[in-house]
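*Asks:* My questions will all concern the structure given below.
The values are calculated or read from the model by the stated rules, or taken from the named source; none is laboratory data. A quick note: this is a predicted structure, and the numbers were derived from the prediction, not measured. Using ideal geometry, Cβ is built from the backbone for each residue, glycine included, and neighbour counts are taken over all protein chains shown.
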Amino acid sequence: MLRILIWELGKLVRLRSVQIGLLAALVLPALWAFAPGLRAQYGLELVSGWQVPALSLLTGMDFLFPFLTAMAAAEVLGSEVSMGTLKLVLLRPSPRSRLLGAKIVVVLAYPFILLLVSLLGSLWAGLPFGLGSFFGGTGVGEGSFAGVGQLSPAEALAELLRAYLLAGVVLWPLSALAILYAVIFLSTTSAALAAVSTLLLMRLLVAFPALQPFLLTSYLDLYVRPEAVSWGLPLLIIYTVGFSLLALLIFERKDI
Amino acid sequence: MSEAVAASTSGAALEAQQLGKRYGRKPVLENITFAVQPGEVYALAGPNGSGKTTLIRLLTGLAFPTSGVVRLLGQDIYNGGYAARRALGAVVEAPAAFYPHLTGRQNLEMVAYLTGMLNAGARIREVLARLELLAVADQPVRTFSLGQRQRLGLASAILHEPQILILDEPTSGLDPQGISKVHEILAELAWKGVAVLLSTHHLREVSAYADKVGILGGGRLLEEVRLGAKGETYRLRVDDAPRAAAFLKTVPGVQNVSLRDVNVIFEGSPNVALAALVRENFQVQFLEPDYFDLYDYYRERVKNA
């Protein structure tokens, strides 16, 4: 299984959507850090390089990271369908669930890879602002960017890691949903479009307050809302497991 | 030389029974039943859209039928789990698809791993040599020509020495040398006991070594033609063909005499037939083996379907 996972990881990093996504995640923090309209948009004056990652996360999680995640998850299966290699693999005496399971694992790892690259890019972009102790907040901890006093580099890093890890989990259901759609449609474009459309539709469902606690879109900002973690995190995991199991179930009897 | 045959399923390596496939309300395949015995070469022929590719996808377990069953060595391929595919080697696309960033050898290593082969290095080298791909084995597949990819497809299909081989257009995109090579390999595998099923439009080439030809049309198996050994049937032209045919029917050692246009067709000894005709003062213009023209037969059969 490990060998299959390594193969799948190798295939993932060769996908065009992944390469573009990782490049964007690496480079865009520099734009956020030096954007002249930053103060007007967020009322923010950067005082430390430790604030750039939060800025990248806030802006990225709004649309870019969910979109990149959905694209990559859809392409992981869709590209194999379009290249014809899915048939090559499925003809072997290996369970379909093992092959798709490896893809799901890799797809769920991708948000963390994307966010890690974004974090590294952000810290690199934050270097000119300094990465020492500072008075203020990282933007993802107590007191947001204003903070509650002095923050050491270790504390700042811990806050950011926690937020980035949570953001990764927030992206999981979307990855699982995109691969579920990829199984159904066997097409990258259709799957990515369907996943993003579902996300946008869920955002509109906030018009029904009774549904709001159960919508995964209600938790896209979970990394800055620690009070919602106890309910939101299990819900996101349930969504992820549900979509993944459904994908496995459908794939088992899917005509290729 | 040819005869319609009923599918015999006893001891079959590959067996399809009452196979049907619908997309919505549209039937693509209906009631397909046939069997391929070990060592037999079964060629699947039919015009575009006749359902050949769908049938191959069903036979290999890539798609699921609306009705019917496929058995590989007696194991149900749909409900018997992936283990039923252990005996199967297949190429279902022309040209065969591979990971373009991996080399030919790496692609085969991946196939070997997924097939559960341990220490496959020597066998990979062997099949690469057999398909004359050693020189390009360590180049990425994206640099391969169409023919090289097609040969790599066959290499991947025979890698684990399967007992059943299913190939969709195995000679598509190959040069004449490559086509002969593939036919030679398939004939050799069948001789060793492998059941071979291939779809093809090149009926004349395949008829040299195929045992049966299944003619598909409109999603149905129109006919199975069993191909006999060459040289058993002869054709002669003579001055009075009807009378000569009637006479030959009385000659011992000459069987199945019939008329085809102005020619007399018969089985048995050509020497006996010729001597008998000369003795009776018939003017024999020529006598030659009557090769069954599968392509002409197929064309006629599909036209009349």
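*Asks:* What single numbered condition from (1) crowded, with 22+ Cβ neighbours inside 10 Å; (2) touching a residue at least 40 places away in the same chain (Cβ under 8 Å); (3) of a type in the set (A, V, I, L, M) fails to hold for A:A30?
*Replies:* Going through the list (1) crowded, with 22+ Cβ neighbours inside 10 Å; (2) touching a residue at least 40 places away in the same chain (Cβ under 8 Å); (3) of a type in the set (A, V, I, L, M), A:A30 breaks only (1).
*Asks:* Which count do you get for residues in the stretch B:182-230 that are under 24 Å from B:L72 (Cβ atoms), part of a helix (DSSP H, G or I) and within 11 Å of the chain's Cα centre (by Cα)?
*Replies:* 5
*Asks:* Let me ask something additional. Does at least one position in the stretch A:40-55 carry a residue that is within 18 Å of the chain's Cα centre (by Cα), within 23 Å of A:L199 (Cα to Cα) and either surrounded by 14 or more Cβ atoms within 10 Å (Cβ to Cβ) or of a type in the set (F, W, Y) (or both)?
*Replies:* yes
*Asks:* Can you name the helices (runs of 4 or more DSSP H) wholly within the stretch A:29-148 that have at least 2 residues being touching an Asp or Glu at 6+ places or on another chain (Cβ under 6 Å)?
*Replies:* A:96-126
*Asks:* Separate question: Please indicate, with yes or no, whether at least one residue in the stretch B:206-221 is under 24 Å from A:K87 (Cα atoms), surrounded by fewer than 19 Cβ atoms within 10 Å (Cβ to Cβ) and hydroxyl-bearing (S, T, Y).
*Replies:* no
*Asks:* Is there a residue in the stretch B:117-133 that is touching a helix residue (DSSP H, G or I) at 6+ places or on another chain (Cβ under 6 Å), in contact (Cβ under 8 Å) with a residue 12 or more places away in the chain and within 12 Å of chain A (Cβ to nearest Cβ)?
*Replies:* No: the stretch B:117-133 contains no residue that is touching a helix residue (DSSP H, G or I) at 6+ places or on another chain (Cβ under 6 Å), in contact (Cβ under 8 Å) with a residue 12 or more places away in the chain and within 12 Å of chain A (Cβ to nearest Cβ).
*Asks:* Within the stretch A:183-200, identify whether any single residue is within 14 Å of chain B (Cβ to nearest Cβ) and modelled with pLDDT of 95 or more, and answer yes or no.
*Replies:* yes
*Asks:* If we scan the stretch B:54-67, do we find a residue that is assigned to a strand (DSSP E or B), in contact with a Leu (Cβ under 7 Å, 6 or more places away or on another chain), within 29 Å of B:Y297 (Cβ to Cβ) and not assigned by TED's automatic domain parsing to the domain that holds B:V194?
*Replies:* no
*Asks:* Here is a list: A:Y223, A:Y239. Which entry is part of a helix (DSSP H, G or I) and under 15 Å from A:M61 (Cβ atoms)?
*Replies:* Matching residue, one of A:Y223, A:Y239: A:Y223.
*Asks:* Okay, next question. For the stretch B:181-200, state whether one or more residues are assigned by TED's automatic domain parsing to the domain that holds B:L128 and of a type in the set (D, E). Steps first, please.
*Replies:* Initial filter on the stretch B:181-200 (assigned by TED's automatic domain parsing to the domain that holds B:L128): B:181-200.
Narrowing further to those that are of a type in the set (D, E): B:184, B:188.
Taking every residue of the stretch B:181-200 in turn, at least one turns out to be assigned by TED's automatic domain parsing to the domain that holds B:L128 and of a type in the set (D, E).
*Asks:* Test B:T143 against the criterion of being among the β-branched types (V, I, T), within 14 Å of chain A (Cβ to nearest Cβ) and either more than 24 Å from B:L62 (Cβ to Cβ) or in contact (Cβ under 8 Å) with a residue 24 or more places away in the chain (or both), and give yes or no.
*Replies:* Answer is no for this residue.
*Asks:* Of (1) within 13 Å of chain A (Cβ to nearest Cβ); (2) free of Cβ contacts under 8 Å to residues at least 60 places away in the same chain; (3) outside any loop (DSSP other than H, G, I, E, B); (4) under 24 Å from the mean Cα position of the chain (by Cα), B:A112 satisfies all except one. Which?
*Replies:* Result: B:A112 passes all but (4).
*Asks:* How about the stretch B:123-158: which of its residues are part of a helix (DSSP H, G or I) and acidic (D, E)?
*Replies:* So the first thing to find is which residues in the stretch B:123-158 are part of a helix (DSSP H, G or I), and the list is B:123-130, B:134-136, B:141-143, B:146-158.
Within the stretch B:123-158, just B:E126 meets the criteria.
*Asks:* Let me ask you something else. When the residues of the stretch B:10-32 are filtered to those that are surrounded by fewer than 17 Cβ atoms within 10 Å (Cβ to Cβ) and out of contact with any Gly (no Cβ under 8 Å at 6 or more places or on another chain), which remaining residue is modelled with the highest pLDDT?
*Replies:* The residue in question is B:R22.
*Asks:* Which one of these is modelled with pLDDT of 85 or more, β-branched (V, I, T) and in contact with a Leu (Cβ under 9 Å, 6 or more places away or on another chain): B:V302, B:V225, B:V251?
*Replies:* B:V251
*Asks:* A further question follows. So is B:L44 more than 30 Å from B:V136 (Cα to Cα), within 14 Å of chain A (Cβ to nearest Cβ) and crowded, with 24+ Cβ neighbours inside 10 Å or not? Break it down into steps so the answer makes sense when it comes.
*Replies:* Working: more than 30 Å from B:V136 (Cα to Cα): yes; within 14 Å of chain A (Cβ to nearest Cβ): no; crowded, with 24+ Cβ neighbours inside 10 Å: yes.
Judged against the criteria, B:L44 is not a match.
*Asks:* Name the residue that is farthest from B:P162 (Cα to Cα), counting only residues in the stretch A:81-104 that are among the charged types (D, E, K, R) and modelled with pLDDT under 95.
*Replies:* A:R98
*Asks:* Among the residues in the stretch B:65-79, are any surrounded by fewer than 20 Cβ atoms within 10 Å (Cβ to Cβ) and facing chain A (nearest Cβ under 10 Å)?
*Replies:* So far as the stretch B:65-79 goes, yes, one or more of its residues are surrounded by fewer than 20 Cβ atoms within 10 Å (Cβ to Cβ) and facing chain A (nearest Cβ under 10 Å).
*Asks:* A follow-up question, please. When you check A:T85 against the structure, is it surrounded by 17 or more Cβ atoms within 10 Å (Cβ to Cβ) and either within 20 Å of A:L245 (Cα to Cα) or touching a residue at least 24 places away in the same chain (Cβ under 8 Å) (or both), yes or no? Walk me through how you get there before you give the answer.
*Replies:* Values: surrounded by 17 or more Cβ atoms within 10 Å (Cβ to Cβ): yes; either within 20 Å of A:L245 (Cα to Cα) or touching a residue at least 24 places away in the same chain (Cβ under 8 Å) (or both): no.
So A:T85 fails the test.
*Asks:* Spot the failing condition for A:P209; the list is (1) buried (at least 18 other Cβ atoms within 10 Å of the Cβ); (2) outside any helix (DSSP H, G or I), and only one is missed.
*Replies:* Result: A:P209 fails condition (1) only.
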